Amino acid sequence: MTLNERRDFVLKRLVELYPNPPVPLDHTDAYTLLIAVLLSAQCTDVRVNLITPILFNRARTPFEMVKLSVEEIQDIIRPCGLSPMKSKGIAGLSRILVDKYRGEVPRTMEELEELPAVGHKTASVVMAQAFGVPAFPIDTHIHRLAFRWGLSDGSSVERTERDLKELFPPLTWNKLHLQIIFYGREHCTARGCDGTVCEICRTLFPKRRTALPSTRVPKSARVKPKRGDSIASRREKGVGRAKSSAAKKKAAKR
């Protein structure tokens, strides 16, 4: 298959499988979506959806959130992991929304990415799913599948985003990124498929017999962090990676 033929098959099959994919994170508006996406860094959507009702019962708007202390927020969101940095990010961005934006979530990528703990992927999700602006948030599932399907070379998440945006029409982006995520979770998983197992991989590359290598982001492709970025937003941007407690003891150099 040519690149365009692969694109057309992927788009057609994903629409058949997931005609109306829901946003996996429960939310009611742009602010609750922003907080939910921030919490989802290094955490499952299922766990986030268990924690956000508790948090939003205490504070559902930036005006209510700034009344909570960082410690109170941290205590609620602790099960989501990275709670010290996430709680500071939530408190910090809520204060900025109140002081600078009258409690409203800004509607541009540039303004969103200036908020504490908000990286490019988080901003893209909010733009796409809260405001309906075409965006293509790239998570690990999309990065992995784009490489397996020969739609990008897997060298970096930035390259994957650029390639997919060039390949697919903008009007498909907001739904397509969700469709790829669902397919990656259900069929083309990190361990369950190596590029030779799932239906789409086998259809696109019927002669492929060798498992594909991992698509880790090389150090040269990682984005330099901004001052004030939380660990969560640094991880989202590809700066560093999660460490076990043993690894933390060994490598204090990052």
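The values are calculated or read from the model by the stated rules, or taken from the named source; none is laboratory data. None of these values were measured; they are calculated from a predicted model. Reconstructed Cβ throughout: ideal geometry from the backbone, glycine too, with neighbour counts over all protein chains shown.
Remarks
- The set of residues in the range 8-23 being surrounded by 18 or more Cβ atoms within 10 Å (Cβ to Cβ) and in contact with a helix residue (DSSP H, G or I) (Cβ under 6 Å, 6 or more places away or on another chain) consists of L14, Y18, P21.
- Answer residue from the range 72-119, given it is without any contact (Cβ under 8 Å) to a residue 24 or more places away in the chain and within 14 Å of L39 (Cα to Cα) and is surrounded by the fewest Cβ atoms within 10 Å (Cβ to Cβ) among those: D75
- Residue in the range 40-47 that is at pLDDT 95 or above, closer than 13 Å to V125 by Cα and either of a type in the set (A, V, I, L, M) or assigned by TED's automatic domain parsing to the domain that holds K86 (or both) present: yes
- Test: T122 is touching a residue at least 24 places away in the same chain (Cβ under 8 Å) and either over 22 Å from L204 (Cα atoms) or surrounded by 24 or more Cβ atoms within 10 Å (Cβ to Cβ) (or both): yes
- The range 35-69, residues that are surrounded by 15 or more Cβ atoms within 10 Å (Cβ to Cβ), part of a helix (DSSP H, G or I), more than 20 Å from the chain's Cα centre (by Cα) and of a type in the set (A, V, I, L, M, F, W, C): L55, F56, M65
- Of all residues in the range 4-32, those being more than 27 Å from C201 (Cα to Cα) and either in a loop (DSSP other than H, G, I, E, B) or among the polar types (S, T, N, Q) (or both) number 6.
- Residues of the range 180-207 that turn out to be under 22 Å from the mean Cα position of the chain (by Cα) and among the hydrophobic types (A, V, I, L, M, F, W, C), as a count: 6
- Any hit, the range 194-201, residues being within 23 Å of S124 (Cβ to Cβ) and buried (at least 21 other Cβ atoms within 10 Å of the Cβ): no
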